[in-house]
1. Quick check, is B:Leu235 in contact with a Leu (Cβ under 9 Å, 6 or more places away or on another chain) and either within 14 Å of another protein chain (Cβ to nearest Cβ) or farther than 29 Å from B:Val144 by Cα (or both)?
2. For segment B:166-193, give me each residue that is under 20 Å from B:Ser116 (Cα atoms), free of Cβ contacts under 8 Å to residues at least 60 places away in the same chain and crowded, with 17+ Cβ neighbours inside 10 Å.
3. Within the set of pairs 6 or more residues apart or between chains, which connect a residue that is free of Cβ contacts under 8 Å to residues at least 60 places away in the same chain and more than 13 Å from A:Val102 (Cα to Cα) inside segment A:149-161 to a residue that is buried (at least 20 other Cβ atoms within 10 Å of the Cβ) and β-branched (Val, Ile, Thr) with Cβ atoms less than 8 Å apart?
4. For segment B:199-237, how many residues are hydroxyl-bearing (Ser, Thr, Tyr), over 19 Å from the mean Cα position of the chain (by Cα) and more than 24 Å from B:Arg133 (Cα to Cα)?
5. On the given criteria, is B:Leu163 surrounded by fewer than 17 Cβ atoms within 10 Å (Cβ to Cβ) and in a helix (DSSP H, G or I)?
6. When you look at B:Glu151, is it among the charged types (D, E, K, R) and more than 19 Å from B:Pro203 (Cβ to Cβ), yes or no?
7. Please go through segment B:186-198 and give me each residue that is modelled with pLDDT under 95 and more than 18 Å from the chain's Cα centre (by Cα), ordered by number.
8. Collect the residues in segment A:15-43 that are closer than 25 Å to A:Gly69 by Cβ, surrounded by fewer than 19 Cβ atoms within 10 Å (Cβ to Cβ) and of a type in the set (Val, Ile, Thr), keeping them in residue-number order.
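The values are calculated or read from the model by the stated rules, or taken from the named source; none is laboratory data. Worth saying up front: this structure is predicted, and the values here are computed from it rather than measured. A quick note on method: Cβ atoms are made from the backbone with ideal geometry, for glycine too, and the neighbour counts reach across all protein chains shown.
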Amino acid sequence: MVTEAQAWDALRAVPDPEIPVISVCELGIVREIRADANAVTVVVTPTYSGCPATEVIATSIRDALLQAGVEHVDIETRLSPPWTTDWIAPEAAERLRAYGIVPPSGVAPAGPRPLHFVPRLACPRCGSQQTERLSEFGSTACKATYRCLDCREPFEYFKPI
Amino acid sequence: MSTTRFDYVLCLADNPLILGQRLSEWCGHGPVLEEDLALTNVALDLIGQARLLLAHAGKLEGKGRGEDQLAFLRAESEYRNFTLVELPNGDFGRTVTRNLLFGAYQLHLWEALQRSRDSELAAIAGKSIKESRYHLRHAVDWTVRLGDGTEESHARMQAALDLLWPYTGEFFAADALDEAAAADGFGVPAGSLQGPWEDTVRPVLGEATLRIPEPTPFRSRGKGGMHSEHMGHLLAEMQYMQRTYPGLQW
């Protein structure tokens, strides 16, 4: 029998398929694990509704638990409360930056009246504050695209949501 | 009562489904790479929201129809989306103008649906509203930039607004389904969204130096299943795989 603690350990080794430097646990999408005699139930919350990685993540979670000796894996989806970038583990933030993605900062847009405000971000490569936003979206829905005006490198920003 | 709930959720699902299909046509055709990615990311979110709603509708119906069957195997008159979202994309300016008009509506709809008596619907609304805020912000930025831009971009944005604005009347026209769903505490009265929607849209159009067209008696009827001539073409492409290979899975 695999205990809940062992199941958590197994999932801490499962990387996010789009951002492999952080685990699915650090991303905050594994909300709960319940273990009994020979089955483990994992409650997962999706990041964005349209995130194409959701199905890959479910498969990776299942494979990791089967590998750890669980006989039967159930994956449940929970929508409420909705996923927020506040659930990303603080220790994962620096790894994101080293990977070239600025971790989320500030707050998600709240009211219906959108703000004309673009947060000034430091380039994750050279640290310069002279950066500009190129697009509100990036290679995935969760990121915006920026460019550093000093080192000229593009980088991504994990948007707060 | 459960038929009302099924019909209502299906109606909610069809708008993001059809607009998601339209926006995905931009894949590989965006004016610049960043905007190609942005529009297709919005499309993905919309299709994801539609999937959640369609799966929920299938459960409410209780006849074993899943999201794929509901998305791909209905006849044209069974789709309940607003006519606005099925219109061709036009140029980039027309696409962002539609995203503004529809995005502001969707934001206020999700806001209200978070208080639905149906906890699954409220959860879908609570999740989707966070995404919709980013979609709207993208549309607002571009509307202001192009509307208050060059002579050419301003003219195109004004033409887009003149074309699309009359289709927004349909957003707030109450029908029996809305009233039944609202009375049940399940849905939102259509008319209640008009004030907040105008409060969101009008200042943006003002900042974009765009003139709001005069009201007209024109009413589109997509929500009632009476679609424009563009809908059949859209469905032919969207449904092709499931019609040709029934039950196909990726």
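1. No, not satisfied.
2. B:Phe172, B:Ala182, B:Ala190 - these are the residues of segment B:166-193 that are under 20 Å from B:Ser116 (Cα atoms), free of Cβ contacts under 8 Å to residues at least 60 places away in the same chain and crowded, with 17+ Cβ neighbours inside 10 Å.
3. Within 8 Å, the pairs are A:Leu149/A:Thr131.
4. The total comes to 1.
5. yes
6. Yes; evaluated as a whole, the condition is true for this residue.
7. Across segment B:186-198, the qualifying residue is only B:Phe186.
8. If the condition is that a residue be closer than 25 Å to A:Gly69 by Cβ, surrounded by fewer than 19 Cβ atoms within 10 Å (Cβ to Cβ) and of a type in the set (Val, Ile, Thr), then A:Thr41, A:Val43 are the ones that fit.
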